[in-house]
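Step one of this worksheet: look at the structure below.
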């Protein structure tokens, strides 16, 4: 979500405010549209294929996101065990793809013990607990939340649906979340005046947030009528489900966007990277999806398909 608003007010002398590096000049509408035109067909193709192909796309996204996160943490002076973080991330995605993998608890325990053992090599360092914490937090933030893209695609196995229906579930999460992003950007650009989150992200407005909330509900309704039904045409979602998913994603995806803004501000970063033209980094593009996809997954799993 990137509503257009005024730059932040300067900090007073008696306030210690971390000033973020200025955003890059790549935030043009043309670049945003061009990047989306390239990504959406790839998303559709691999979501349709499912299986290893979809898992690979999620893994590439998650690894790139973790690189960005660890880069921001290193900018704050933290020493992260990057290689172990990447291995743990891949293990988390693998467990989402094959949740009945034996000895999963042993692997998690071994990773934690190894992380602590590696810290013993440099007892002279300060901030050891903080560095260990950001190594683990990166895996949870980027890896575990990204794993819900895999969980959504594999949900048909447990819900009694055709495996191909997993594509619809994934696209529904993307549609509702991106509708929220689009509404927040458009309404914030046109009508944004009130800035209650200026300490976190001066670009975001209350008017834009309301627009994102409304567009999320609209996106949830469009998706429910367009493709969220069985091959026989039986709808999966009731009107109450559509409203609930739209409202929950409309709130939570914006919280995800603000959370990533907080991380960037804390590390004095404008964008998480310049990887995606017009969007910034992977975290800038997927921050709201990290919160939106779990909402859609758990609502479908618990409420709609009632999987224990």
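The values are calculated or read from the model by the stated rules, or taken from the named source; none is laboratory data. Bear in mind that the values here come from a model prediction, so they are computed numbers and not experimental data. Ideal geometry is used to build each Cβ from the backbone, glycine not excepted, and the neighbour counts take in all protein chains shown.
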For residue 199, are the conditions met, namely being at pLDDT below 95 and either within 16 Å of residue 255 (Cα to Cα) or crowded, with 21+ Cβ neighbours inside 10 Å (or both)? yes
Residue list for the stretch 37-75, restricted to those being closer than 21 Å to residue 128 by Cα and either outside the structural domain of residue 135 (by TED's automatic domain parsing) or surrounded by 15 or more Cβ atoms within 10 Å (Cβ to Cβ) (or both): 66, 67, 68, 69, 70, 71, 72, 73, 74
Quick one: how many residues across the stretch 232-268 are under 24 Å from residue 301 (Cα atoms) and out of contact with any helix residue (DSSP H, G or I) (no Cβ under 8 Å at 6 or more places or on another chain)? 6
May I ask you to verify whether residue 40 is at pLDDT below 95 and either farther than 25 Å from residue 268 by Cα or in contact with a strand residue (DSSP E or B) (Cβ under 7 Å, 6 or more places away or on another chain) (or both)? yes
